[in-house]
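Peer 1: One structure coming up, written as structure tokens, with questions to follow.
The values are calculated or read from the model by the stated rules, or taken from the named source; none is laboratory data. In this text the structure is predicted, and so the values were computed from the model without any measurement. We place every Cβ from the backbone using ideal geometry, glycine too, and count neighbours over all the protein chains shown. Surface areas here come from the heavy atoms of the whole protein model, side chains and all, with no ligands, DNA or RNA. Shrake-Rupley method; radii C 1.70, N 1.55, O 1.52, S 1.80 Å.
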Amino acid sequence: MTASSDPAPQESASKEPVLQETGPQETGSQGAGRLLAVSDLHAAVTDNRPIVESLRPTSDADWLIVAGDVAERPEDIRWALGLLADRFAKVIWTPGNHELWTLDKDPVQLRGQARYDHLVELCRELGVLTPEDPFPLWQGPDGPVAIAPLFLLYDYTFRAPGTHTKEESLAVAHKSGIVCNDEYLLHPDPYPTRDDWCRARVAETERRLAAHDPEIPLVLAGHWPLVREPTSIMWYPEFAQWCGTELTADWHRRFNVTAVVYGHLHIPRTTWYDGIRFEEVSIGYPREWRERGHPRGLLRQILPYEPESVPPARTDTATSGGTL
């Protein structure tokens, strides 16, 4: 696999310099429908709520991908997705780990698959598409593109450095104190483990992608990165084991993919792997966006593709800690 960053990667970090905003959150021809994306809205966080309220299309034809971590409680998820569904021509959602958490004081005490099914029904009530729906076709200037929302989870194969098994990798994380809250709040019921649930999701998603018409290009959109490389700049490498699975490492090469959208890492940037564009589109927590600003705007334009024009910035390797 070959990889390269775009000319101006903006990485979420407490070490990164403050960057100036670069103008409107979207660019392109007024009135032309575009495919936009965002993730990690964390709408239950008080200071993130105005950000969600500010997200608007600049054309009645704009579509929006929401790649997970909208909020933890269904009532907050309903509020955010409902607001966006009223504004955008089409909204496509895929869950992150936070939507799948079962908090003690949440009125909805569903766990695992049942919780996910509940959220899918919530989305259908709002007219929001999910990974359980047929891939919608976005009509672009070069023809149709299928949007494939992915719900894949992780299987602990992005292991901590120097470890060779899930058990060893988890032991290193616990010893260092870098442990994802998923270990306590994300339940895999009825699957025995989260990695079992991940493998089931990967198998079903792979089947659907293989059955897709190869003549129609795909945008793959999910919460967790499809390849491990984006996690290499994290402050805490132990955290990578909650960030994806090696089972998807070749999907951008095997299928007719024009772009990949993901979040979770809170490192908004564009990178290229094997000639395919990967867009990390997260908003993140206030402590992150207050320091780095929103140098690429709040919404990322996925299609039509317009290369970034922001000036180069420092590329210190760093990211958030273990609270994603």
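Peer 1: Could you work out the Rg to Rh ratio of region 236-314, with Rh taken as the Kirkwood radius (inverse of the mean 1/r over all Cα pairs)?
Peer 2: Expressed as Rg/Rh, it is 0.97.
Peer 1: Taking residue 105 as the anchor, which aspartates and glutamates have their alpha carbon closer than 13 Å to its alpha carbon, excluding any fewer than eight residues away along the same chain?
Peer 2: Once the sequence-local aspartates and glutamates are set aside, what remains near residue 105 is 72, 75.
Peer 1: Can you give me the % of accessible surface on region 35-303 that is carbon or sulfur? Probe 1.4 Å, all protein chains present, nothing else counted. Write down the numbers at each step before the final one.
Peer 2: Numbers: 4930 of 9710 Å².
That fraction is 51 percent.
Peer 1: Considering only protein heavy atoms, what per residue accessible area in square angstrom results for the chain with a 1.4 angstrom probe? Show your work: numbers first, answer last.
Peer 2: On the way: 12860 Å² over 324 residues.
The answer is 40 Å² per residue.
Peer 1: Could I ask something else about it? Which order, highest average first, do 99-109, 125-135 follow once you tally other Cβ atoms within 10 Å for each residue and take the mean per peptide? Could the numbers behind the result be given before it?
Peer 2: Values: 99-109: 14.7, 125-135: 16.8.
Ranking the peptides 99-109, 125-135 by packing returns 125-135, 99-109.
Peer 1: Residue 274 to residue 184: FRET efficiency via 1/(1 + (r/R0)^6), r the Cβ-Cβ distance, R0 35 Å, to the nearest 0.05? Please report the intermediate quantities before stating the final value.
Peer 2: Values: r = 37 Å, r/R0 = 1.04.
Once the sixth-power term is evaluated, E becomes 0.45.
Peer 1: Please work out which option in (i) 37; (ii) 29; (iii) 21 gives percent of Cα pairs over 32 Å apart calculated from these coordinates, and answer with its label.
Peer 2: (iii)
Peer 1: Rounded to the nearest 5, what is the percent of antiparallel bridges among the DSSP beta bridges in region 35-303? Walk me through the numbers before you get to the answer.
Peer 2: On the way: 13 of 36 bridges.
Close to 35 percent.
Peer 1: I'd like the projected area of region 117-274, averaged over all directions, using the convex hull of its alpha carbons. Report it in nm² with one decimal. Don't skip to the end; give the middle numbers.
Peer 2: Values: hull surface 42.6 nm².
For region 117-274, the mean projected area of the Cα convex hull comes to 10.6 nm².
Peer 1: Dividing the Cα convex hull volume of region 32-98 by residue count, how many Å³ per residue is that?
Peer 2: Values: hull volume 4.4 nm³, N = 67.
It is 66 Å³ per residue.
Peer 1: Here's a follow-up. Residue 257's amide H: which non-local residues (gap 5+, or another chain) put their own amide H closer than 5 Å, with H modeled 1.01 Å from N in plane and none for Pro or chain starts?
Peer 2: 218
Peer 1: Something else: Over the chain, what is the mean sequence separation of C-alpha contacts under 8 Å (at least six apart), divided by residue count, expressed as relative contact order in percent?
Peer 2: On the way: 705 pairs, mean separation 97.1, N = 324.
The value is 30 percent.
Peer 1: Right, another one. Mind checking which aspartates and glutamates have their Cα closer than 18 Å to the Cα of residue 166? Skip sequence neighbours fewer than 8 apart in that chain.
Peer 2: 155, 182, 183, 195, 196, 238, 246
Peer 1: Of 110, 191, 231, which is farthest along the charge dipole of the chain in the positive direction, counting Lys and Arg as +1 and Asp and Glu as -1 at C-beta?
Peer 2: Going by the Cα projections, it comes out as 231.
Peer 1: May I ask you to derive the relative contact order of region 150-273, considering only C-alpha pairs under 8 Å and at least 6 residues apart, and to give it as an integer percent?
Peer 2: Numbers: 171 pairs, mean separation 47.1, N = 124.
That works out to 38 percent.
Peer 1: Using only C-alpha atoms and all pairs of different ones, pull out the Kirkwood radius for region 89-165 in Å with one decimal. Kindly include the intermediate steps, with their values, before the conclusion.
Peer 2: Working: mean 1/r = 0.0665 Å⁻¹.
Here the Kirkwood hydrodynamic radius works out to 15.0 Å.
Peer 1: Here is a follow-up. Report the convex hull volume per residue for region 185-307, counting only C-alpha atoms, in Å³. Walk me through the intermediate numbers first.
Peer 2: Values: hull volume 16.0 nm³, N = 123.
Normalising the Cα hull of region 185-307 by residue number yields 130 Å³.
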